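Remarks on the structure that follows.
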Amino acid sequence: MTAAPLATLAETAERVNLLGLTRPELEAFVASLGSKPFRARQLMHWMYKRGVDDLAAMTDLARDFRALLGERAEIRTPEIVTAQQAGDGTRKWLLRADSSQAFEMVYIPETDRGTLCISSQVGCALDCSFCATAQQGFNRNLTAAEIVGQVWLANRELGYAPGGDRIITNVVLMGMGEPLANFRSVVPAMRILLDDLGFDLSRRRVTLSTSGLVPQIYKLAEESNVALAVSLHAPDDELRNQLVPINRLHPIAELLAACWHYIDEQNGRSVTFEYVMLEGVNDSPAQARALARLLAGHPAKVNLIPFNPFPGTRYRRSPDAVIAAFRDELLQRGVMATVRRTRGEDIDAACGQLVGRVIDRTTVRLGSRGQVVQI
Ligand code: SAH
């Protein structure tokens, strides 16, 4: 038997990337090729359990079917532009979106888990004043295949062996972009992460972080049940309007109502509220008390993130003692709070430091919902 001939570029462009298809979509796709739905399960097994991206190597698929697949489909991950490793073991990859665009993915090893932080967009349109990604502007949404492809690729890069222990135990959508502004690709991608024939991750180990797109949080409650994190960063609307401008459209009270709805609908444990610690801006004891008043008695926990600086920023990180005092104010008022350990700083892989490369910048300004959100 000979392998399928090498594809030309034109053929490649027309092929369906199987990495972006949910199980029902893959079943429909194999049916459209005249094959039985169980072939979809076989394909998923090869792709996700055995880590195979070469259709020709899938030896238990009928030869004719394999040949047809070779013409119509492919398994293609984003291409690696550069790979870096920090002193603390954190790894960062710059991945190609197209000839002039790139986005980033970060792996954070810890003793009891390995977290992969993936991107959902090239750049970001939301313009949060303390985030390096915002400075890059927005270029485009990633496809479901590019989102799933990050996890597939990271497993390969990290040396995952089929049947071996998981290396990636948790996935967080906390890289570049606003995941809920790319709902159409992010939701199917998360289905593949959770599918037992896909990456088979528990819903509590996949976390979607949003800056607070309220209508999309309600929609997410209907379509997904992953863990929810919300970038709050301020205890009042006046300050949050400055730090997270989407707050002007969806103020804190509306945002929190959406969060509690999500937890009710999804039988979730709690929402994690991310709160970046900016010296002299949002880190006073009075602000901690105001935050506690918003959250006490609700299914909430707070994750305090020491600000990670980037060139040109006007903010400074709060001193450790101030962060600890802020945490203690919350704890004393019955609000669960932790301080996030900063990882990968020496390779600019820490929260808010991912910039990728956005060259053909389409400047999308925050103005109406329609401009920043696609459903
Ligand atoms: N757009 C989504 C996903 C990004 S998650 C969101 O806003 O939630 C990345 C997290 O890091 C967010 O909580 C973000 O607010 C935070 N962050 C952004 N810039 C930061 C910085 N410079 N230092 C620390 N955290 C930052």
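The values are calculated or read from the model by the stated rules, or taken from the named source; none is laboratory data. Because the structure is predicted, anything quoted here is derived from the model rather than measured. Neighbour counts run over all protein chains shown; Cβ positions are idealised from the backbone, glycine included. With ligands, DNA and RNA removed, areas are computed over all heavy atoms of the protein, side chains included. Shrake-Rupley method; radii C 1.70, N 1.55, O 1.52, S 1.80 Å.
Identify all residues within the stretch 278-294 that are under 17 Å from Asp320 (Cβ atoms), part of a helix (DSSP H, G or I) and among the small types (Gly, Ala, Ser); write none if there are none.
Scanning the stretch 278-294 gives a single hit, Ala288.
Six or more apart or on different chains, Cβ atoms under 6 Å: show the pairs whose first residue is in the stretch 195-216 and acidic (Asp, Glu) and whose second is modelled with pLDDT of 95 or more.
Here the result reads Asp195/Arg23, each pair linking the stretch 195-216 to a residue that is modelled with pLDDT of 95 or more.
Given the structure, is Val276 in contact with a Cys (Cβ under 8 Å, 6 or more places away or on another chain), farther than 23 Å from Arg205 by Cβ and at pLDDT 95 or above?
yes
Out of all the residues in the stretch 269-283, which are more than 15 Å from the ligand (Cβ to nearest atom) and in contact with a strand residue (DSSP E or B) (Cβ under 9 Å, 6 or more places away or on another chain)? Quick ask: steps written out before the conclusion?
Restricting attention to the stretch 269-283, the residues satisfying the condition of being more than 15 Å from the ligand (Cβ to nearest atom) are 269-270, 280.
Once the filter is applied, which keeps residues that are more than 15 Å from the ligand (Cβ to nearest atom) and in contact with a strand residue (DSSP E or B) (Cβ under 9 Å, 6 or more places away or on another chain), the stretch 269-283 yields Arg269, Ser270.
How many residues does the stretch 312-358 contain that are charged (D, E, K, R), open to solvent by less than 60 Å² (accessible area, probe 1.4 Å), within 13 Å of the ligand (Cβ to nearest atom) and more than 19 Å from the chain's Cα centre (by Cα)?
Qualifying residue count for the region: 0.
Residue check, Ala290 against (1) more than 16 Å from the ligand (Cβ to nearest atom); (2) over 30 Å from Gln135 (Cα atoms), all met but one. Which one?
All conditions pass for Ala290, except number (2).
Being farther than 21 Å from Gly212 by Cβ, over 20 Å from the mean Cα position of the chain (by Cα) and without any contact (Cβ under 8 Å) to a residue 60 or more places away in the chain is the requirement here; does Pro299 meet it?
Judged against the criteria, Pro299 is not a match.
Mind telling me which of the residues Ser224, Ser211 ends up being surrounded by 24 or more Cβ atoms within 10 Å (Cβ to Cβ), of a type in the set (Ser, Thr, Tyr) and under 15 Å from the mean Cα position of the chain (by Cα)? Steps first, answer last, please.
On the way: Ser224 fails: surrounded by 24 or more Cβ atoms within 10 Å (Cβ to Cβ).
Only one candidate qualifies: Ser211.
Checking Gly344 against (1) on the phi < 0 side of the Ramachandran plot; (2) at pLDDT below 95, which single condition isn't satisfied?
So the condition that Gly344 fails would be (1).
Before we move on, is Val106 more than 12 Å from the ligand (Cβ to nearest atom), among the β-branched types (Val, Ile, Thr) and open to solvent by less than 10 Å² (accessible area, probe 1.4 Å)?
no
Which condition breaks for Pro78 when tested against (1) in contact with a helix residue (DSSP H, G or I) (Cβ under 6 Å, 6 or more places away or on another chain); (2) free of Cβ contacts under 8 Å to residues at least 60 places away in the same chain?
(2)
May I ask you to list pairs of residues, at least six apart or on different chains, whose Cβ atoms are under 7 Å apart, with the first in the stretch 338-356 being more than 20 Å from Phe103 (Cβ to Cβ) and in contact (Cβ under 8 Å) with a residue 24 or more places away in the chain and the second being open to solvent by 20 Å² or more (accessible area, probe 1.4 Å) and among the basic types (Lys, Arg)?
Sorted first by the residue in the stretch 338-356, then by its partner, the pairs are Val339/Arg327.
Quick check on my filter: what residues within the stretch 217-272 are under 16 Å from His298 (Cβ atoms), of a type in the set (Ser, Thr, Tyr) and in contact (Cβ under 8 Å) with a residue 60 or more places away in the chain?
The answer is Ser270, Thr272.
Just to be sure, is Ala62 at pLDDT below 95, more than 20 Å from Trp152 (Cβ to Cβ) and either open to solvent by less than 20 Å² (accessible area, probe 1.4 Å) or touching a Cys at 6+ places or on another chain (Cβ under 8 Å) (or both)?
So Ala62 fails the test.
Could you count how many residues in the stretch 125-165 are outside any loop (DSSP other than H, G, I, E, B), open to solvent by 40 Å² or more (accessible area, probe 1.4 Å) and either in contact with a Leu (Cβ under 7 Å, 6 or more places away or on another chain) or within 14 Å of the ligand (Cβ to nearest atom) (or both)?
Taking the stretch 125-165 first, the residues outside any loop (DSSP other than H, G, I, E, B) are 132-135, 138-141, 144-157.
Imposing the further condition that a residue be open to solvent by 40 Å² or more (accessible area, probe 1.4 Å) reduces the set to 135, 140, 156-157.
Next cut, either in contact with a Leu (Cβ under 7 Å, 6 or more places away or on another chain) or within 14 Å of the ligand (Cβ to nearest atom) (or both) only: 135.
Count: 1.
Output the residues belonging to the stretch 109-124 that are within 15 Å of the ligand (Cβ to nearest atom), part of a loop (DSSP other than H, G, I, E, B) and more than 20 Å from Pro311 (Cβ to Cβ).
Ile118, Ser119, Ser120
For the stretch 57-109, which residues satisfy the criterion of being closer than 19 Å to Ser32 by Cα and not aliphatic (A, V, I, L, M)?
Hits for the stretch 57-109 are Arg63, Asp64, Phe65, Arg66, Gly70, Glu71, Arg72, Glu74.
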